[in-house]
Amino acid sequence: MKVLIVDDDPLIGEMLVTAFDLAGYSVMVAKNGDVALDRIKQSKPDIVVTDIIMPTREGIETIREIRRLFADLPIIAISGGGMLDAVSLLDVAEKFGANATLTKPFLPQQLLEKVRELTRAG
Amino acid sequence: MNEPGQGSDGAFASVVRRFRLKLSAIAALIILAVATHVILELLRERDHQLDEGHRQARALSQSLAEQTGRLFSGIEVMLDLAGHLPAHGPVGTERQSDQVQTELRDLTRLLPEVREIAVLSPDGAVLHASTAYPNAVLNAFDGAHLRAAINGSATGLKLGEPAENRLSGDFVLPVSKPIRDQDGTLRYIAVALIDTDSLRDTFAAMPLREGSAVLLARSDGVVIVRQPDNSTSGTSFAGRPLFSSYLASAPRGSFVSPAQSDGEVRVVGYQLLADFDLALAVALHRSELLASWREAAFLDSVFALIVVVAVLFGGRILLQGFAREVRLREAAVTAGAQADRQAVRQQVVAGLGQYAFETGDHEEFFERVAEAISRATGGDFATLVRAESSGEHVRVLAAAGWPDPGIVGFLLPAGPGSHTGFTIETGQTVVAGDYETEARFTWHKVLRDHGVHSGIAVPVLQTGRQPNVCLHVLSTRKNAFSDDDIHFMESIAHLLAVRLDRRVQHSLRDAALDSVPGLLCVVDGDGRIILVNEQWRAHARDNGLDHPEFGLGTSYLDVCKAAMRSGVPDAERIHDGMISVLRTGARSFEFEYRCETRDGPHWFQCFVSPVDLDGETGALVTHIDITVRKSMESQLREAHRMEALGQLTGGIAHDFNNLLTVIVGNSEMLADRIPDGTIDRRMLDGVRQAADRGAELTDRLLSYARRQRLDPGVVDLTELFGEITGLLARTLREDITLEVDAANERCLAYADPTRLHTALMNLVFNARDAMPNGGTIKLSCELLPLTANHEAAAPFVRITVADTGEGMSEEVARRAFEPFFTTKSVGKGTGLGLSMVHGFAIQSGGQVRIESTPGKGTRVSIDIPASADNPSELKGDTLEYIGDRLRGMTALVVEDDDRVLDYIRLLLDDFGLAVCEARDGTEALRILSSHVDFDIVLSDVIMPGEVSGYDLATAAHKLRPGLPMILMSGYADPGMIEKLSGFDREIPLLRKPFTRRALAATMASVLRDRA
């Protein structure tokens, strides 16, 4: 089971790599959306966990693009309070194809549960 | 009609007549003198001409007589020679006959007038003759003549009777001369025959005038030759005056012969030739003599005529000049007289004009007008009427001269039914000289009954309006009014029009002033108030600034000075500003000031601008209440500040969340690896707890920064209040009462229930903390009417939490929503409670207000969108109207959220629309590609799948151009998504949550645009 983590914050990335390693997943990290799309094409992960606010390519756009290219790839969006005016970006992400969302700060256990849910269903 | 200038007119006419008479007499005299002179001169000239004729006649006769005398003397000499030819010696020694005959023939050739010559013996026998036929000579002589020649002792020439030559038929005059010896014995008689024709030829050769005649006769009257008339030769003129009287009295002379058969009067000159017993006369036609005179007379007459004409013409010019002069003088005098009358009328007009400006009493002014026109025109009655708005009548407003005062208020028929009605209808002055023969309108019974026969009616023409008032003056006489009366009436009508116009302008001005949204006054050059508007008066009344005229007449500058002395701030600024406008012509100035009024402090904007008061610079002063604007400005400022703080806070919280995620995550994972109860584990738990507290804090910060993830839904506030009171009943101190002001009707809000719950709890705790000595906390809610200060079409509910605590100062109230601002002691509060409430309210699409009075309490109210399910929301008339329009249409609704879809379907069903549903953009496109007809498409913007609302809109536009579409979104500004979709068309966007009314209104506007 391969997991792709998309986050520009190395601390988050490292923490999540540890969490997924411990849980027995094979983990990759992409610093931004472009890298993420390359990795998906190369390594064909089973699930993507992406932050929404990233420097080079908006998380929402990344989600849209992933969904366009890979209709069945599960996506979990995470955010630490990003807002599009009065509405949370997480809601937007859901509309554009994120299968689940998670607000920072969260417990690694919560994320692993969502991943398990989605991969089991898939 | 009278002709007022008639008297003096007559006087001047008679002056002109007298002058004309004199001028005629002078002209007649001149003409008479000229005529007399010309006639006398002509008569004198005629006499002169006639005298000249006489002289000519005499001279001619004399000259011809001399010529004739010379001829006859020649003949006598010739006869003397002829008588001596035969004798050669003594008697009996005569010469040869043929020789003598030759010599005699030679002699006759000497005088052409002599035809034949013969020499006779004393017994009368022919001895010798110039002709071979001597008897022809003899035949010319009658016996008596010959005998007389033979027997007479005379030696001179003797003339015979002119006789016809028996051989030739010519008239000849025989003349004879006895030839005697020296002893006197008659020896021969020489005779000659004179050719009368030859004599006539001689006369005819004379240069005589036309019509002249020459007569040669013997002195006894026997005519020898008459040129031109030959037929009289041989006849006797002895009876004619020449022979019967003139020759006897004088041997030469002239006379006038009366007209004969040819009608000609002749001037005859005559001469007696005594030697030969001959008379010669020349007759000249008097008409011929006077021919040149007649020419001269004609020229003189023409000249005289010219003179006469010149005199007459000159006289006429003189007369005209005089008449013109007289007329000018007359006009001057008449004008003077008219000016006097005009002056009287002008006094009346001026008096009325003055009164028009002084009095406010309309009716009395009308009465004065009626009196004035009747007095100044000499009319018996006068009225002033106005057309009734019904258009059927005119009403008498004022009257003068009528015996019955009841005439005022009397209704006359409009239009041709009455003189005044007709005048108002035509809008022109209508003069009636005689009502009996008037055809344009009816002679109303009232006028007939009062014996009125003539009148003038003049309409009052107000600027830009149909005439509806009319002046009427009437007389019992026919043709009682002059042109001046008409003009006078018209000037009074004009005056009246000016007054009526002025009243209209006044009320328009007052209306304009009163419509100014502020207190307004106008001051004159000295700063004295001369005009105020209704708002000014109302403000004065409301604030106890009672002055009988609301400040009119008082000096604004003095008011400012008094205010300055009593320390009113800004009074000096108004004072100085007004001085600069009034004195130095500064353009205008404005400033804002705060002022205590009866209902608290108000902000005013004062605006002073110069006003031209007919040459004097005054000022227009307005004070506009800008309290609302000020408060909105301050709210806006506050909102901007909060926004900036929010962004800052949100940014920090976001970063913190990332850090907390790492801390919490790693702690969690580490915890799995460290057994419970160890010291390591306790230390790790400490880190976890701290991280949790940090997470709570960032949650609040995000809430304030409106970056909370909300899950709005319908909240029944009554239920919510119940929950809160249930929860807090035991938590609150005993000295604090928590009341719920139950609304009359159910209040449903559209908000995140959990967050709203938290916000209200926060407010209640704040209220509790504000009442250390106890008090009451009151929770209430109400549905705000749509007219409240919200731009949205959707209604709001207002939730209020009020306490009876300490309250807060203005400064504290102003900063109460700032994050980390707290008045509580350290450790008692985070300073984020109210900030969180504020952020939540704003994020929910509403607002929050705080009102506080120190010592009395604080009231915090949150306005959040009302739920569309509110019962009252379903009652609008607008909805029914809109619903009717939408009935029968078909809509395609694209929405992935089941709850939202249900809600929209419910509303559209209610509007009467048929609804077709699609779960995402792809499905919607499939439906739109089919043949199903739609009137409108409603689509969510952000939907799962590849096709967003904007993508759908673009595709739908290609598939079905012109199909109305509405996008729905929970995002206030989905611009980012719009950009992502590359969308560039204008499509109405309905913000979620929306109400039934908002949906209907947006649909109606889209469908109207399309229509």
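Values in this text are rule-based calculations from the coordinates and carry no lab data. None of the values given here were measured: they were computed from a predicted structure. All Cβ positions, even for glycine, are placed from backbone atoms using ideal geometry, and neighbour counts span all protein chains on display.
Rounded, prolate or oblate, given the Cα gyration tensor of segment B:187-247, with a/c below 1.5 counting as rounded?
On the way: a/c = 2.31, a/b = 1.18, b/c = 1.96.
Here segment B:187-247 falls in the oblate category.
Shape call for segment B:327-440 from the C-alpha gyration tensor, a ≥ b ≥ c root eigenvalues: rounded (a/c under 1.5), prolate (a/b greater than b/c) or oblate? Oblate shape, in that a/c is at least 1.5 and b/c is the bigger or equal ratio. Cross-link partners for B:K445 among the lysines, with Cα-Cα distance under 25 Å and sequence neighbours closer than 8 places in the same chain left out: B:K478. For segment B:249-391, the Kirkwood hydrodynamic radius from C-alpha pairs, put into Stokes-Einstein at 25 °C and a viscosity of 0.890 mPa s, yields a diffusion coefficient of 97 µm² per second. Taking amide H atoms as placed 1.01 Å from N in the peptide plane, the amide H of B:V797 lies under 5 Å from those of B:L784, B:I864, B:A866, each 5 or more residues away in sequence or on another chain. Residues of segment B:606-635 with backbone nitrogen within less than 18 Å of a virtual label 7 Å along the Cα-to-Cβ line of B:D576, please, listed as ranges. In segment B:606-635, the label zone of B:D576 (backbone N under 18 Å from the point 7 Å along Cα→Cβ) covers B:606-609. Cα centroids of segment B:187-252 and segment A:1-67: 182 Å apart.
Charged neighbours of B:G686, selected by a Cβ distance under 13 Å, balance to +1 (K, R count +1; D, E count -1).
Counting Cβ atoms of other protein chains within 10 Å of each Cβ in B:663-671 and taking the mean gives 5. Helix screen, chain B: DSSP H segments with Cα axial length of 27 Å or more and mean Kyte-Doolittle hydropathy at least 0.5 are B:291-358.
Expected output is a single nm value to one decimal: the length gained when fully extending between B:T584 and B:F19, i.e. 0.36 nm times separation in residues minus the C-alpha distance. What is it?
Details: separation 565, 0.36 × 565 = 203.40 nm, distance 7.27 nm.
Contour length minus Cα-Cα distance gives 196.1 nm.
If R0 equals 45 Å, the separation of the Cβ atoms of B:E734 and B:D510 corresponds to a calculated FRET efficiency of about 0.10.
Residues with beta-carbon under 9 Å from that of B:T108, excluding B:T108: net charge, scoring Lys, Arg +1 and Asp, Glu -1?
Around B:T108, the surrounding residues sum to +1.
Whole-Hz Karplus values for segment B:937-945 come out as 10, 10, 9, 5, 7, 9, 10, x, x Hz, taken residue by residue from phi with 6.51 cos²θ - 1.76 cosθ + 1.60 and θ = phi - 60°; glycine and proline positions read x. Here is the size of chain A from its Cα atoms: Rg then Dmax, 12.9, 39 Å. Taking a ≥ b ≥ c as the square roots of the eigenvalues of the Cα gyration tensor, an a/c ratio of 1.5 or more together with a/b larger than b/c marks chain B as prolate. The length gained on full extension between B:V812 and B:K958, counted as 0.36 nm times the residue separation minus their Cα-Cα distance, comes to 46.8 nm. Centroid-to-centroid, using Cα positions, segment B:682-728 and segment B:461-478 are 86 Å apart.
Among residues other than B:A129 with Cβ under 13 Å from its Cβ, the summed charge is -1 (Lys and Arg +1, Asp and Glu -1).
Ignore the peptide's own chain and count Cβ atoms of other chains within 10 Å of each Cβ in A:99-108; give me the average, rounded.
Working: counts 1, 0, 1, 1, 7, 12, 16, 7, 7, 8.
Mean partner shielding for this stretch: 6.
FRET efficiency for B:L906 and B:Q647, Cβ-Cβ distance as r, R0 = 45 Å, nearest 0.05? Present the calculation step by step, with values, prior to reporting the outcome.
On the way: r = 38 Å, r/R0 = 0.85.
Using R0 = 45 Å, I get an efficiency of 0.70.
Checking the cross-link filter: which aspartates and glutamates have an alpha carbon closer than 20 Å to that of A:K31, excluding same-chain neighbours under 8 positions apart? Partners found: A:D7, A:D8, A:D9, A:E14, A:D21, A:D46, A:D51, A:E58, A:E61, A:E65, B:D655. Scalar couplings 3J(HN,Hα) for segment B:178-190, obtained by applying the Karplus form with A = 6.51, B = -1.76, C = 1.60 to θ = phi - 60°, are x, 10, 10, 6, 5, 7, x, 7, 5, 9, 9, 10, 8 Hz; x denotes Gly and Pro. Here the spin labels are modelled as points 7 Å beyond Cα on the Cα-Cβ line, and at B:T463 and B:A59 they lie 10.3 nm apart.
When you count the other C-beta atoms within 10 angstrom of each residue and take the mean per peptide, B:797-809, B:321-333, B:345-357 line up highest first as B:797-809, B:345-357, B:321-333.
Taking 22 Å as R0, compute the FRET efficiency from the Cβ-Cβ separation of B:R565 and B:N543 and round it to 0.05. Provide the component values of the computation, followed by the final result.
Working: r = 19 Å, r/R0 = 0.88.
Efficiency at R0 = 22 Å is approximately 0.70.
With a simple spin-label model that places each label point 7 Å from the Cα along the Cα-to-Cβ direction, the separation between B:A259 and B:T617 comes to 11.1 nm.
Sorted on the mean count of surrounding Cβ atoms within 10 Å across their residues, most packed first, peptides B:911-918, B:487-494 read B:487-494, B:911-918.
For segment B:585-596, 3J(HN,Hα) computed residue by residue from phi via the Karplus equation (6.51, -1.76, 1.60; θ = phi - 60°) reads x, 4, 5, 5, 8, 8, 7, 10, 9, 9, 9, 7 Hz, glycine and proline entered as x. Across chain B, the mean sequence separation of Cα contacts (distance under 8 Å, 6 or more residues apart), normalised by length, yields a relative contact order of 5 percent. Among the residues of B:642-654, the average count of other protein chain beta-carbon atoms within 10 Å of the residue beta-carbon is 1.
At 0.36 nm per residue, and after removing the present C-alpha to C-alpha distance, how many nm does the segment from B:R899 to B:E696 gain when stretched out fully? Intermediate results must be reported in sequence, preceding the final value.
On the way: separation 203, 0.36 × 203 = 73.08 nm, distance 3.07 nm.
So the extension gain works out to 70.0 nm.
Remark on B:I736: its backbone amide H falls under 5 Å from those of B:G775, a criterion applied only to residues 5 or more positions apart or on other chains, H modelled at 1.01 Å from N.
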